[in-house]
Amino acid sequence: MTATIVWFRNDLRLSDNPALMEAVQLGQPLILLYILETDGARPMGAASLYWLHHSLKALQDEVRALGGQLILQKGSAQSVLERLIKTYGPNTIVWNRRYEKQGLATDTALKTALKARGLSVQSFNGNLLTEPWEVKTKTGGYYKVFTPYWRAARVVISEHAHKVEPQAAPQSLSCLVAVKGLDLAALDLLPSRPNWGAKMDPLWTPGSKGAHSALHAFLDGPVGHYAEDRNRPDKAAGTSKLSPHLAFGEISPREIRAACERCDLNTDKFMSEVGWREFSYVLLYHNPDLPTANFKPEFDAFEWEENEDNLRRWQLGQTGYPFVDAGMRELWATGWQHNRVRMVTASFLIKHLLIHWNRGEEWFWDTLVDADTGNNSASWQWVAGSGADASPYFRIFNPFTQGEKFDPNGEYVRKYIPELAKLPNQYIHRPWDAPKQVLAQAGVTLGQDYPHPIVDHKPAREKALSVYKDSRSET
């Protein structure tokens, strides 16, 4: 029997899916497969599993509408593929490449083993505008600074536009009908006891249709103010909210680029943020341990504090700094956090509380619906100062002046910290400065309704700089 396995991973879409397009063109019956892998790869966080459930459901519906079926399996990729090969005898396997350490190792080993058995195995670039090895410096290395990287990448993208033009979804799918898989419920992806996912259901539309709807809504107007509004968490339409759709491959960066090219508004700043995602994967590919190890080894000597109580208060949005706490509560309530606020909350954990960036990265990995290996690790290291093209360690975000600048009327804080809602704008970001009478009128008793600051900003900043100076002298 001749058949082609299309192995879906973080490319849960039918349009502009190079692996799927290749399989359709081969003209053989298809086995459309998703494997929830359990063989050593970093497990998805709880929020990502929630999104995955709904994304797979959306993909199943799209496949079914075209006459096909999406087969779900769980286990090690090797054992699942071997079982399918033994039972159904496919002669070709295709997939879109992934770039993190474990995924690369798994794919490389599988490709070698399957080819040795006489199968045709092909892989494609389905999730980036350029491969991590394509954009090179004049000396043949990879870029470690974003601005020159993106300047060079844009040239490469422009010169190879024919390679990055998106492809439409197939009009029909001819699948091998005898293949059996698991029910979606058997993957056990949704939360229970309690079902906290229910609170996020009205906020998101996982799947390719939701991704394209979000993109077009953004390009219909908000993108024109993106350069200014992207820093304003109080403006709901200031960002595209495409990050989870990109993380699961429900839309490709090629599709985003093509839509931006057709847009009448200036999309350069928005596309540069897509460029940061590309840059993160360059760093990850060339530094496979980026999620766990400092890019700059001089940070290995840094003396971090082990304070589980402070970590927990940061996670729960109980630090006493409203802008930080609003961000952490937004994350818990929605599975997402505004990008400006991500920088502030990360800086607070690392530089005010002196807790290792790994602990923050782990929390974001578990709670973000857009948790992405490249973005997550590169961004945390950027804030910590330990990464490539990093914000210098001595750049310490002031948690209340950041709020006053980017949430000037306190709307973001009031949304996520209702206990402070009646405070006037003057004090919404620093309630500790409010006179007792103002606090009383707002119904706020510090230490009861809302915590006192977990640390004082100025002494915490000075301590962080001192520890950094000491670590530098030890290297």
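The values are calculated or read from the model by the stated rules, or taken from the named source; none is laboratory data. Computed from a predicted structure; not experimentally measured. Reconstructed Cβ throughout: ideal geometry from the backbone, glycine too, with neighbour counts over all protein chains shown.
Here is a list of conditions, (1) of a type in the set (A, V, I, L, M); (2) assigned to a loop (DSSP other than H, G, I, E, B); (3) modelled with pLDDT under 95; (4) surrounded by 13 or more Cβ atoms within 10 Å (Cβ to Cβ), and residue 177 meets all of them except one; can you say which number that is?
So the condition that residue 177 fails would be (4).
Since residue 370 meets every condition but one in (1) within 29 Å of residue 448 (Cα to Cα); (2) in contact with a Pro (Cβ under 9 Å, 6 or more places away or on another chain); (3) in a loop (DSSP other than H, G, I, E, B), which condition does it not meet?
(1)
Could you pull out the residue among 177, 156 that is in contact (Cβ under 8 Å) with a residue 40 or more places away in the chain and β-branched (Val, Ile, Thr)?
That would be 177, the only listed residue that is in contact (Cβ under 8 Å) with a residue 40 or more places away in the chain and β-branched (Val, Ile, Thr).
For a quick check of your reading: which helices (runs of 4 or more DSSP H) sit entirely within the range 221-330 and have at least 1 residues that are of a type in the set (D, E, K, R) and more than 28 Å from residue 471 (Cα to Cα)?
Ranges flagged: 226-229, 253-262, 268-286.
I need the full set of residues from the range 424-446 which are part of a helix (DSSP H, G or I) and either of a type outside the set (Phe, Trp, Tyr) or surrounded by fewer than 13 Cβ atoms within 10 Å (Cβ to Cβ) (or both), in order please.
Matches in the range 424-446: 425, 426, 428, 431, 433, 436, 437, 438, 439, 440, 441.
Which residue pairs have Cβ atoms under 8 Å apart, sit 6 or more places apart or on different chains, and have a first residue in the range 288-315 that is among the charged types (D, E, K, R) and a second that is assigned to a helix (DSSP H, G or I)?
So the pair list comes out as 289/101; 298/471; 298/472; 303/467; 303/470; 303/471.
Yes/no matrix, rows are residues, columns are (1) of a type outside the set (S, T, N, Q); (2) more than 26 Å from residue 178 (Cβ to Cβ); (3) not in a helix (DSSP H, G or I):
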residue: 12; (1), (2), (3): yes, no, yes
residue: 15; (1), (2), (3): no, yes, yes
residue: 19; (1), (2), (3): yes, no, no
residue: 22; (1), (2), (3): yes, no, no
residue: 33; (1), (2), (3): yes, no, yes
residue: 36; (1), (2), (3): yes, no, yes
residue: 44; (1), (2), (3): yes, yes, yes
residue: 64; (1), (2), (3): yes, no, no
residue: 67; (1), (2), (3): yes, no, yes
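Report, ordered by the first and then the second residue, all pairs with beta carbons closer than 7 Å, sequence separation of six or more or different chains, a first member in the range 131-149 that is in a loop (DSSP other than H, G, I, E, B), and a second member that is small (Gly, Ala, Ser).
Correct list of pairs: 135/152; 135/153; 143/152; 144/388.
List pairs: first in the range 253-268 and touching a residue at least 60 places away in the same chain (Cβ under 8 Å) and under 21 Å from residue 125 (Cα atoms), second among the charged types (D, E, K, R) and surrounded by 19 or more Cβ atoms within 10 Å (Cβ to Cβ), Cβ under 7 Å, 6+ apart or cross-chain?
So the pair list comes out as 254/16; 255/16.
Name the pairs whose Cβ atoms lie under 8 Å apart, with the first residue in the range 220-233 and assigned by TED's automatic domain parsing to the domain that holds residue 270 and free of Cβ contacts under 8 Å to residues at least 40 places away in the same chain, the second of a type in the set (Val, Ile, Thr) and in a loop (DSSP other than H, G, I, E, B), and 6 or more positions between them or separate chains?
So the pair list comes out as 229/239.
Could you tell me which numbered condition residue 37 fails, if it satisfies all but one of (1) touching a helix residue (DSSP H, G or I) at 6+ places or on another chain (Cβ under 8 Å); (2) over 20 Å from residue 372 (Cα atoms); (3) at pLDDT 95 or above?
Status for residue 37: all satisfied but (2).
Only one residue in 204, 304 is at pLDDT 95 or above, more than 27 Å from residue 148 (Cβ to Cβ), in contact with a helix residue (DSSP H, G or I) (Cβ under 9 Å, 6 or more places away or on another chain) and assigned by TED's automatic domain parsing to the domain that holds residue 365, so which one is that?
Being at pLDDT 95 or above, more than 27 Å from residue 148 (Cβ to Cβ), in contact with a helix residue (DSSP H, G or I) (Cβ under 9 Å, 6 or more places away or on another chain) and assigned by TED's automatic domain parsing to the domain that holds residue 365 holds for just one of 204, 304, which is 304.
Out of all the residues in the range 36-48, which are crowded, with 17+ Cβ neighbours inside 10 Å and either of a type in the set (Ser, Thr, Tyr) or within 21 Å of residue 67 (Cα to Cα) (or both)?
48
Provide a single number: the residues in the range 110-153 that are surrounded by fewer than 12 Cβ atoms within 10 Å (Cβ to Cβ), under 27 Å from the mean Cα position of the chain (by Cα) and basic (Lys, Arg).
Matching residues across the range 110-153 total 0.
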